[in-house]
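> Have a look at this one before I ask anything.
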Amino acid sequence: MLTDLNTFLLSGLESDFFAGGIALGVMGISAGIGRMLWVRLRDFVLRRINVTVSVDNRLPEFRYLLHWLESHGAMRRVRRFRLTWTGGRLDRRASYTPATGRHWFRIDGHWVRIERSLSEKAKTGNHGHVNPLETLTLLLPFGRRELVEGWIAAGAEMISRTSRIGPELHIHTDGYWSELGQVVRRPASTLVAEDDRIDRLVADVRWFYGAREWYVARGVPWRRGYLLHGPPGTGKSSAIRAVASELELGLSILDLGRRSLTDDGLSEAVATAPGRSILVIEDIDAAFTQRSAGETPTGVSFSGLLNAIDGVAAQEGRALFMTTNHIERLDPALIRPGRADVHVELGLVGAGPAKALFLRFFPGEEALADAFAARIGTERLSPAALQGWLLANAADANIAAEAGGLVTPARLAAE
């Protein structure tokens, strides 16, 4: 059989047609191998000399980078534009940025190719506002990663310096953190309490964020939990906003009531919360009223919540704030030290704080403020009720001082 094969090949090689076919085949294989080697060599060289950075509009870096490019004249030679908006909710302004497709420009002595893509199938958004997923890809021949990182950091600083009105607000949905803008700054001095507990709370959080080495030296995880409790309207959410405002921190809100949130999703959310921000879980009693080993209607188990707060993967260097109207409903395992290290009760207030709040609305009206405090007497009211009354009568200090909508009918009758 081997002899027959050799005879066949020898006779075939004597044929010009057969020999030409073999030659063409060898040339084709060689060309294919050469093309494959060339592509691999080209890709290897390009990876070595080019820097490629991609970021999408689910991340704040997307806005930072666009802002920096626009402010440094990168848009001057771009012929196709897209209208976007920058700034917070109260100072939104138009911004012209590159349209979808590829654009080349030169900036800071570097040639840069920017490619902006839009995916209508992939969506991003919060609270009913759904937008297409946008991706921005920068390619820098002979560039460095640190260069683009510097541009992003500079863009973040510029936005913070020119448009900051208060803490940045982040919401976790669909597996990622999304920035919704900023909330108006709330000074701690505007909160109403019976004593200096708000100032002590701010001081404690300030100490925590500067105490990294203290925690490391003692081998303790650099985490701190705060539980704010009290009746509705006593300023729990306002206190958190005041802490963030005073310390220039962001607010990262976690909604345990979302059915799509799982134990794994919660752990990932806590581990990836934006830096320099306070992690906030409000009305935690509404999600967990008793210990449960199985799944709850929220999609997150009680054990999953505990592991997310202080498990192995829990993020360090961040403060966690939880609020509740009913501390008695919370499982002791949730509010023990290590998970809720500091408990702050924000309760109803009396005549003294009511007078201070009156003077904030009507500066200099000492006599009316005294009359207002006298009408309050021994009543205990929520700061929200006091503020609501004063707002409703902000145009007339005399009517506000009567406190007719605040004191009980029995007290009015007695007077």
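> If you go through the range 133-150 one residue at a time, how many are outside any strand (DSSP E or B) and exposed (fewer than 15 other Cβ atoms within 10 Å of the Cβ)? Before you say what the answer is, go through the steps one by one.
To start, the set of residues in the range 133-150 that are outside any strand (DSSP E or B) comprises 142-150.
Still in the running and exposed (fewer than 15 other Cβ atoms within 10 Å of the Cβ): 142, 144-146, 149-150.
Of the residues in that region, 6 qualify.
> Continuing with the same structure: In the list V312, V342, which residue meets the criterion of being modelled with pLDDT of 90 or more and surrounded by fewer than 19 Cβ atoms within 10 Å (Cβ to Cβ)? Quick ask: steps written out before the conclusion?
Working: V312 fails: modelled with pLDDT of 90 or more.
Just one listed residue meets the conditions, V342.
> Checking the condition free of Cβ contacts under 8 Å to residues at least 12 places away in the same chain, surrounded by fewer than 16 Cβ atoms within 10 Å (Cβ to Cβ), of a type in the set (G, A, S) and farther than 19 Å from G233 by Cα, which residue from G210, G175 passes?
Numbers: G175 fails: free of Cβ contacts under 8 Å to residues at least 12 places away in the same chain.
None of the others qualify; the one that does is G210.
> Do you know which residues across the range 137-157 are more than 20 Å from the chain's Cα centre (by Cα) and in contact (Cβ under 8 Å) with a residue 40 or more places away in the chain?
Step one: filter the range 137-157 for residues more than 20 Å from the chain's Cα centre (by Cα), giving 137-148, 150-151.
Of everything in the range 137-157, those that are more than 20 Å from the chain's Cα centre (by Cα) and in contact (Cβ under 8 Å) with a residue 40 or more places away in the chain turn out to be T137, L138, L139, L140, P141, F142, G143, R144, R145, L147, V148, W151.
> Moving on to the next point. Which numbered condition in (1) part of a strand (DSSP E or B); (2) surrounded by fewer than 17 Cβ atoms within 10 Å (Cβ to Cβ); (3) among the hydrophobic types (A, V, I, L, M, F, W, C); (4) modelled with pLDDT of 70 or more is the only one that A154 fails?
(1)
> Can you name every residue in the range 173-198 that is of a type in the set (G, A, S) and either in contact with a Ser or Thr (Cβ under 6 Å, 6 or more places away or on another chain) or closer than 14 Å to V344 by Cα (or both)?
A193
> Considering only residues of the range 311-356 that are outside any strand (DSSP E or B) and either in contact with a Gly (Cβ under 6 Å, 6 or more places away or on another chain) or of a type in the set (V, I, T) (or both), which is farthest from A397 (Cα to Cα)? Walk me through it before giving the result.
Of the range 311-356, the ones outside any strand (DSSP E or B) are 311-317, 325-341, 346-348, 350-356.
If we keep only those that are either in contact with a Gly (Cβ under 6 Å, 6 or more places away or on another chain) or of a type in the set (V, I, T) (or both) too, we end up with 312, 327, 335, 339-341, 346-347.
Numbers: V312: 56, I327: 37, I335: 43, R339: 45, A340: 42, D341: 42, L346: 27, G347: 26 Å.
By that ranking, first place goes to V312.
> Identify the single condition in (1) modelled with pLDDT of 85 or more; (2) closer than 18 Å to E282 by Cβ; (3) assigned by TED's automatic domain parsing to the domain that holds L305 that R259 does not satisfy, given that it satisfies every other one.
(1)
> Name the residue, out of R241, R223, that is crowded, with 22+ Cβ neighbours inside 10 Å, basic (K, R) and either closer than 30 Å to A153 by Cα or touching a strand residue (DSSP E or B) at 6+ places or on another chain (Cβ under 9 Å) (or both). Steps first, please.
On the way: R223 fails: crowded, with 22+ Cβ neighbours inside 10 Å.
R241 is the lone residue from the list that is crowded, with 22+ Cβ neighbours inside 10 Å, basic (K, R) and either closer than 30 Å to A153 by Cα or touching a strand residue (DSSP E or B) at 6+ places or on another chain (Cβ under 9 Å) (or both).
> Return only the number of the condition from (1) modelled with pLDDT of 90 or more; (2) under 26 Å from A211 (Cβ atoms); (3) polar (S, T, N, Q) that N325 does not satisfy.
Only one criterion in (1) modelled with pLDDT of 90 or more; (2) under 26 Å from A211 (Cβ atoms); (3) polar (S, T, N, Q) is unmet by N325, namely (2).
> May I pose another question? Tell me yes or no: at least one residue of the range 365-384 is within 30 Å of Y215 (Cα to Cα) and part of a strand (DSSP E or B). I'd like the intermediate steps shown before the answer.
Our first condition is that a residue be within 30 Å of Y215 (Cα to Cα); within the range 365-384, this holds for none.
Checked against the condition, which is being within 30 Å of Y215 (Cα to Cα) and part of a strand (DSSP E or B), the range 365-384 yields no hits at all.
> Would you be able to tell me the number of residues in the range 173-212 that are touching a strand residue (DSSP E or B) at 6+ places or on another chain (Cβ under 9 Å), within 27 Å of G388 (Cβ to Cβ) and β-branched (V, I, T)?
3
> Next up: With respect to the numbered conditions (1) under 23 Å from V183 (Cβ atoms); (2) in contact with a helix residue (DSSP H, G or I) (Cβ under 9 Å, 6 or more places away or on another chain), which one is the sole condition not fulfilled by I240?
(2)
> Also: Report whether or not R186 is touching a helix residue (DSSP H, G or I) at 6+ places or on another chain (Cβ under 8 Å), surrounded by 16 or more Cβ atoms within 10 Å (Cβ to Cβ), more than 30 Å from T137 (Cβ to Cβ) and charged (D, E, K, R). Let's see the steps before the verdict.
Details: touching a helix residue (DSSP H, G or I) at 6+ places or on another chain (Cβ under 8 Å): yes; surrounded by 16 or more Cβ atoms within 10 Å (Cβ to Cβ): yes; more than 30 Å from T137 (Cβ to Cβ): yes; charged (D, E, K, R): yes.
Criteria met by R186.
> The conditions are (1) buried (at least 18 other Cβ atoms within 10 Å of the Cβ); (2) modelled with pLDDT of 90 or more, and L348 fails exactly one of them. Which is it?
(1)
The values are calculated or read from the model by the stated rules, or taken from the named source; none is laboratory data. Computed from a predicted model, the values in this text were never measured in an experiment. Backbone-built Cβ (ideal geometry, glycine too); neighbour counts: all protein chains shown.
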